[in-house]
Amino acid sequence: MSFRRLVAPVFLAVAVSIAAFMALVVFAASRQDAASLDAENQVVAQEMRAIHEALAVLVEDNAWWDASVENIHITENIAWIDSTLGESVMGISQVDGVFVIRTDGTMAYANFATDLPAPHAILDEGLIEVVRAMGPRENLVPLTRSGYLQVEGRLIAFGASMVQATGANKLPDIDLERLPAIVFISDVGADDIEAVGKNNALRALTYQTEAPAGGTFQLIPGANDRAAGYLAWTAAAPGSEMIRYLIVPALILLMIVAAAMTRFVRRASRLVEELARANKAKSAFLASTSHEIRTPLNSIIGFTELISLELYGKVEGQKNKEYLQLIRESGEHLLSIINDILDISKLEAERFEIYAERVDPREVARAAGKMVATAAKEKDLNLEIDCLPGDVLSDERIMRQVLINLLSNAVKFTPPHGKVTVTGKIKGRFYTIAVEDSGIGMSKSEIEVALSLFGQVHDNMTRSHKGTGLGLPLVTRFVDLLDGTFDIQSTPGVGTKVTVGFPLYDHDPHV
């Protein structure tokens, strides 16, 4: 068992979980910050709009009046204007100035606070254009405009409304499409802006005539598409603040996770080392035991063969001869099993030695074919070997064992009158040999079982064959030992194709 394979998924899962959690927190915080900023922008826009719209309501109430038409347009009664608008309206806290503009755009009346810019300066910043653009009038329909101006670095709110008759009093016919307009203005000073910020929990809300270089700000639209200035403030960032509050708990949590992972790594390391020692001890035991069993078993097989040859006396009875043959076959089968166990044990214990040399794969394929030719003939199988020329750098004995195992499986699991083919060719840096049969085939899950140690696929056909389930596992380990390649493709009821690749002679597999 590889320690890296054991802990890598755990570390990956922990790292992905932490990264995903952090990404989720950052995403949620950014969404919360964006929502908060959007809400603040809406509040600022609404509060600023409310200031000039309040002026619009107030000025419309004074312009939508028969007395205004009579005393402003018909007679231009300055005394009435001054007493009704100049004195009474100027007493309202939100109004800092009153203008009456004639139909030709000239100023008929002005009354404003002494600290405001001069009337002409206010009119020249676009107010005259706003008034001139109002019209033509419609009977019984108020015509009102409101907004902001930037005058000498100050923010001025205005509300302008054309005087209109309500129809309550009998007035002379008015044929003009345009009538004079009343304008109320308000100086929106720093205290007003600060009050808006405090009332709506906006930090450091200030008015600026130029666009700030950075930070959060909002354009104040002016008359006739002119910018009336900018409102800047320090945006609330609840999401970012939440992340700052979570830094310390997160660091503590990471320290706990790191401590837990360190403890896990130590325990896992000890476990892997113990398992590796146990596995090597098991493999060493199997290798030693298999070796000890193989020696007397060779003697049993040899003596049985001598008795069968009747060199030292005749064997009486047909049954005795049959029993001798069974003893020999069983011994040979047991010897092949022990050889496989010995090989796998050496491989697991990393004691298997290879002797790489220049090998002709065609000769190896032909030799392996001869080993299974008798079994193939007994089942009337068509065994074909077609390998192109090529030289490989490999251990001939191991390479032959790989092909014998593959051919043995192919012959074993192919029904009578079937076909087994062996093809070899150069493909890239490898000489590939494919063993293909028309046997019972396997599903994906069955392939996984067949490739595992002592794994056997159980069905009606495989139950009729003896084996340890070490054939394909040995092949994969031998191929890996030789720096080769392995691939298996199989379809139930169609057949199986196993392709192994061996490094070419002019290619160093360790480079």
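The numbers here are math on the coordinates, done by the rules we state, and not lab data. Predicted model, so just to flag it, every value in this text is computed and none were measured. Cβ sites come from the backbone with ideal geometry, for glycine too, and all protein chains shown count toward neighbours.
Residue exposure proxy: Met255, Met162, ordered by other Cβ atoms within 10 angstrom of their Cβ from fewest to most, comes out as Met255, Met162. Of Ile243, Ala223, Gly135, whose Cα points farthest to the positive end of the dipole of the chain (charges on the beta-carbon: +1 Lys, Arg; -1 Asp, Glu; origin at the Cα centre)? Most positive-ward Cα: Ile243. Ranking Val479, Val372, Ala110 by Cα position along the charge dipole of the chain, where only Lys, Arg, Asp and Glu carry charges on their C-beta atoms, puts Val372 farthest toward the positive end. Across segment 423-437, coupling constants 3J(HN,Hα) worked out from phi with the 6.51/-1.76/1.60 Karplus curve, θ = phi - 60°, read 10, x, 7, 7, 9, x, 8, 10, 9, 9, 10, 10, 10, 10, 10 Hz, and Gly and Pro carry x. For the chain, the convex hull drawn through the C-alpha positions has a volume of 299 cubic angstrom per residue.
By the count of neighbouring beta-carbon atoms within 10 Å, fewest first, Met442, Met399 end up ordered Met442, Met399. For the chain, the relative contact order comes to 10 percent (Cα pairs under 8 Å, sequence separation of at least 6). Legend: helices of the chain (whole DSSP H runs) are marked when their alpha-carbon atoms reach 27 angstrom or more along the helix axis and their mean Kyte-Doolittle hydropathy is at least -1.0; marked are 3-63, 238-309, 318-348.
Remark: Phe303, Phe27 ranked as Phe27, Phe303, counting other beta-carbon atoms within 10 Å and listing the fewest first. Working note: Karplus 6.51/-1.76/1.60 with θ = phi - 60° gives segment 141-152 the couplings 10, x, 10, 9, 9, 8, x, 10, 10, 10, 10, 6 Hz, where Gly and Pro are set to x.
If you take the charge dipole of the chain about its Cα centre, with +1 on Lys and Arg Cβ and -1 on Asp and Glu Cβ, which of Leu297, Ser438, Ile101 is farthest toward its positive end? Sorting the options by dipole projection puts first Leu297. Calculated mean residue ellipticity at 222 nm for the chain: -16500 deg cm²/dmol, from DSSP H runs with n ≥ 4 weighted as -39500 (n - 2.57), summed, divided by the residue count and rounded to 500. Residues whose amide H lies under 5 Å from that of Ala227, counting only those 5 or more places away or on a different chain, are Gly222; hydrogens are built 1.01 Å from N in the peptide plane. Cα centroids of segment 179-228 and segment 107-130: 18 Å apart. Each Lys and Arg contributes +1 and each Asp and Glu -1, all at the Cβ; summed about the Cα centre of segment 292-341, the dipole is approximately 140 debye. Taking 0.36 nm per residue of separation and subtracting the Cα-Cα distance, full extension of the segment from Phe303 to Glu316 would add 3.0 nm.
Note on Ala201 and Gln42: the extension gain reaches 55.9 nm, defined as 0.36 nm multiplied by sequence separation minus the Cα-Cα distance.
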